[in-house]
Structures are given as C-alpha cells and as structure tokens.
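Here's the structure, in structure tokens; my notes come after.
Rule-based calculations on the coordinates, nothing more; no lab input. Note that this is a predicted model, so its numbers are computed, not measured. Counting neighbours? That spans all protein chains shown, and the Cβs are built from the backbone with ideal geometry, glycine included.
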Amino acid sequence: MIARMWHGTTPTAKADEYLAFLRSRALPDYRNTPGNLAAYILRRTDGEVTHFTTLTHWNSLKSIEAFAGADISRARYYPEDSGFLLEFEPNVHHSELYCE
C-alpha cells in the first residue's frame, strides 16, 4: 500500500470554509478513483494559519497516476484552491504503508 501526503495552508479565518470544500469536493474525488483505499484530512491551527494535510492510501502507483497524472510527485490542485491557499506547494510525498 502507498500513502500520498499533501500539505497546504490557509488563513485561519478561511479554514472552516476550506474544510467544507475538501469534504465536498476533494475527498469524494479521491474515493471515486479506482485503487484509492482511504482518504483523510488532518487539520492543525497555529494562530492565524491553519495547516491541512490530506493523507490518502492507494493500492498501486498506477492508481495514483490515474488520480494525479504522469508525474505523481506533483501536487494536484483544484481551481477553487486559489481562493483559500496561502501558497501552492509543488510536490507531495509518498511512502510505503504497512499495516498488521
């Protein structure tokens, strides 16, 4: 199994609205991609900035490619993200995931 992790930040004043967007648009998009096994959102507020991490689990690199495109190390953004994010981090991180 492969874990894919993306990180982004929003102004805290927009954090609730961004979370609602992620829950209504991004999570279903992940979950509807064949090979996606799970999708989670982590949220942490640090004063005026709120950090979001999406953590998704996939059954193969091919499945991630179907979601993200040929360069799976590149972050995938939605047009709506420009109204929320403070910056656009270019890359995501992948790790092998083992569960017992």
Checklist entry - Tally Lys/Arg at +1 and Asp/Glu at -1 over every other residue whose Cβ is under 14 Å from the Cβ of L42; what's the total? => result +3
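Just subtract the alpha-carbon distance of K14 and E89 from 0.36 nm times their residue separation and send over the number in nm, one decimal.
Result for the pair: 25.2 nm of gain on full extension.
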Checklist entry - Taking 0.36 nm per intervening residue step and subtracting the Cα-Cα distance, what contour gain separates D71 from R25 on full extension? => result 14.4 nm
Checklist entry - Which Cα, out of V49, S73, T33, lies furthest along the positive dipole direction of the chain (beta carbon charges, K/R +1, D/E -1)? => result T33
Item to check | Cα-centred dipole magnitude for the chain, charges only on beta-carbon of K, R (+1) and D, E (-1), debye, nearest 20 | outcome: 260
Next on the checklist: Can you compute the FRET efficiency between L61 and E100 using 1/(1 + (r/R0)^6), with r the Cβ-Cβ distance and R0 = 25 Å? Round to the nearest 0.05.
Outcome noted: 0.65
Checklist outcome for this item: With only helices counted (DSSP H, runs n ≥ 4, each -39500 (n - 2.57)), the per-residue ellipticity at 222 nm for the chain, to the nearest 500, works out to -5000 deg cm²/dmol
Item to check | Low-density loop positions, chymotrypsin sites (Phe, Trp or Tyr not before Pro), the chain - DSSP coil, at most 11 other Cβ in 10 Å | outcome: F88, Y98
Next on the checklist: Which of H93, H57, H51 has the fewest other C-beta atoms within 10 Å, and how do the rest follow up to the most?
Outcome noted: H93, H51, H57
